[in-house]
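A.B. asks: Dropping a structure here in structure tokens format, bear with me for questions.
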Amino acid sequence: MSLGRRRREVIAVAAVIFLGVCSFFVRPRPSRLASETDSPKPTGYPQLVSILDLPDSGDYCLRDDPASKPTPITDRQPRSLFSAFEEIPAHAADSGVTSDVTRPPLRTVSDTDPIYSSVAVDPERNEVVLIDTNTFGVRTFSRTENTPAEKRASVPNHTVQGPKTHLEFDNGLYIDPKTGDVTTVAADNDWLVTFPHGAEGDTEPSRTLKVTHRAYALAVNEEKQEMYISIQYPPQIAIYHKNASGDDKPVRLLKGEHTLLSDVHGMAIDTRSKLILADNWGHISNELVAGTGRFELPSISIYPLDADGDTPPLRVIQGPKTQLNWPAMVAADPATGDLFVANDLGASVLVFHETDQGDVAPYRVIKGSKTGLRNPTGVSVDLKNQELWVSNLGNSSAEAFALNAKGNQAPLRTIRTAPVTKLSLKFGKPSGTAYDTKREQLLVAN
């Protein structure tokens, strides 16, 4: 092979790699790891990947592996973005046969503290239940627990955790008001699981139900013994018998183009007003037709409680005034008709009227430095004690506010399971990484 041809092939390969990296950075999928301190962007604007400085930090575990002592990448002087990876092959090839090379990592970046995707209050037993989506567990605390600033972490009364539990990336959460049983549903392992009140350790669930992939939120109509589960994609709300198990199928589905559901996440029901309330991220496509995907502004869509099939919403709350930015769980106060939204990247809780429609601003907002909110994704209404509970994906905590709280208001109490300065990595199924040699930073896409 001539030198010129060889040079052209090397340049071509480098160009392909460069374009691949560029496409990685500009792809429109948002990331949960963007901080609320980033410059404000229009609602619906694609979010950036998370950026980590490589030096050690108390927020996560960055450890050298003693079994492997090559010169760390950050100690070199790379000549380009790709030269940082020279002499570190991922595989070896011999005579066209590729084989894996087993070698311990130079370092490991991991978050060993719980982070909470969802919260539910059990006022009858005076308890708060939190779903840990980082180390995969269900943790139960006293409702009156309040972690002092000088204390590293509160200790739960009960923890369900381990391989037998089927817990993995769980989000939806429901506490049975009569028995105290805890039911949760996961986005990626396709299981709904129930644990009896007081369950502890690596225990098998008392009930399992196989559900559609990408399930997110959970609600139950006790009067009609029906269970509602929101599915992100294809967007739908599946209604089951409350005690469905195994391979039982939904009794009905709210699904179709006319529903305007789009990457549905949070979902709640109001049995007094007979409503289903769902929030949507706005990622839309017909799964049966290639090329139909598009992005729209996030929204809240409201339906009759008995909606079935391709039923259009009664009302839609959508537009720049709403401040919706990755809305997560929602909760309803049937006594007042208030609708509470955990607004993840808005670092806030938005409060609307269930009767709102169109591009309307929330009539109350909980937001600011005093609130302690950081990537709030869970929200729960406690009518007995007139409290609003919010769980944070960004700092291993959950907080209780007065039900009528607004503005930059400090919580009544905070349950924390990490230091007060904790900033969670918020890794959520990392799909790729890149290394910035100039800034010595690691970029992680989720």
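A.B. asks: Under the condition of being among the acidic types (Asp, Glu) and part of a loop (DSSP other than H, G, I, E, B), which residue from segment 266-312 is modelled with the lowest pLDDT?
C.D. replies: Ranking the candidates gives GLU287 first.
A.B. asks: Out of segment 188-211, which residues are part of a loop (DSSP other than H, G, I, E, B), within 24 Å of the chain's Cα centre (by Cα) and buried (at least 16 other Cβ atoms within 10 Å of the Cβ)?
C.D. replies: Passing the criteria: ASN189, ASP190, PRO205, VAL211.
A.B. asks: Further question: Name the residues in segment 378-412 that are small (Gly, Ala, Ser), buried (at least 23 other Cβ atoms within 10 Å of the Cβ) and assigned to a strand (DSSP E or B), would you?
C.D. replies: GLY378, SER380, SER391, SER397, ALA398, ALA400, listed by residue number.
A.B. asks: Taking segment 332-351 only, how many residues are of a type in the set (A, V, I, L, M, F, W, C) and over 19 Å from ALA217 (Cα atoms)?
C.D. replies: Residues that pass the stated criteria total 2.
A.B. asks: Among the residues of segment 213-225, write down those that are farther than 19 Å from ALA328 by Cα and either of a type in the set (Phe, Trp, Tyr) or open to solvent by 20 Å² or more (accessible area, probe 1.4 Å) (or both).
C.D. replies: GLU222, GLU223, LYS224, GLN225
A.B. asks: Suppose we keep only residues that are aliphatic (A, V, I, L, M) and closer than 23 Å to ASN392 by Cα within segment 415-446. Which one would you say is modelled with the lowest pLDDT?
C.D. replies: ALA445
A.B. asks: Checking GLY337 against (1) more than 25 Å from the chain's Cα centre (by Cα); (2) free of Cβ contacts under 8 Å to residues at least 40 places away in the same chain, which test does it fail?
C.D. replies: So GLY337 meets the others, but not (2).
A.B. asks: Looking at segment 145-168, can you tell me whether even one residue there is open to solvent by 30 Å² or more (accessible area, probe 1.4 Å) and assigned to a strand (DSSP E or B)?
C.D. replies: Yes, segment 145-168 contains at least one residue that is open to solvent by 30 Å² or more (accessible area, probe 1.4 Å) and assigned to a strand (DSSP E or B).
A.B. asks: Right, another one. Only residues that are without any contact (Cβ under 8 Å) to a residue 40 or more places away in the chain and surrounded by fewer than 20 Cβ atoms within 10 Å (Cβ to Cβ): list them for segment 349-377, please.
C.D. replies: Matches in segment 349-377: HIS353, TYR363, SER369.
A.B. asks: In segment 323-368, how many residues are of a type in the set (Val, Ile, Thr) and not in a strand (DSSP E or B)?
C.D. replies: 3
A.B. asks: Can you name the residue in segment 308-331 that is aliphatic (A, V, I, L, M) and surrounded by fewer than 22 Cβ atoms within 10 Å (Cβ to Cβ) and, of all such residues, is nearest to ASP279 (Cα to Cα)?
C.D. replies: VAL316
A.B. asks: Could I ask something else about it? Could you check, for segment 344-366, whether at least one of its residues is of a type outside the set (Phe, Trp, Tyr) and closer than 24 Å to GLU124 by Cβ?
C.D. replies: No: segment 344-366 contains no residue that is of a type outside the set (Phe, Trp, Tyr) and closer than 24 Å to GLU124 by Cβ.
A.B. asks: Open to solvent by less than 10 Å² (accessible area, probe 1.4 Å) and not in a loop (DSSP other than H, G, I, E, B): is that true of SER262 in this structure?
C.D. replies: no
The values are calculated or read from the model by the stated rules, or taken from the named source; none is laboratory data. In this text, all values refer to a predicted model and were calculated from it rather than measured experimentally. Counting neighbours? That spans all protein chains shown, and the Cβs are built from the backbone with ideal geometry, glycine included. These accessible areas exclude ligands, DNA and RNA; they are computed on the full protein's heavy atoms, side chains included. Shrake-Rupley method; radii C 1.70, N 1.55, O 1.52, S 1.80 Å.
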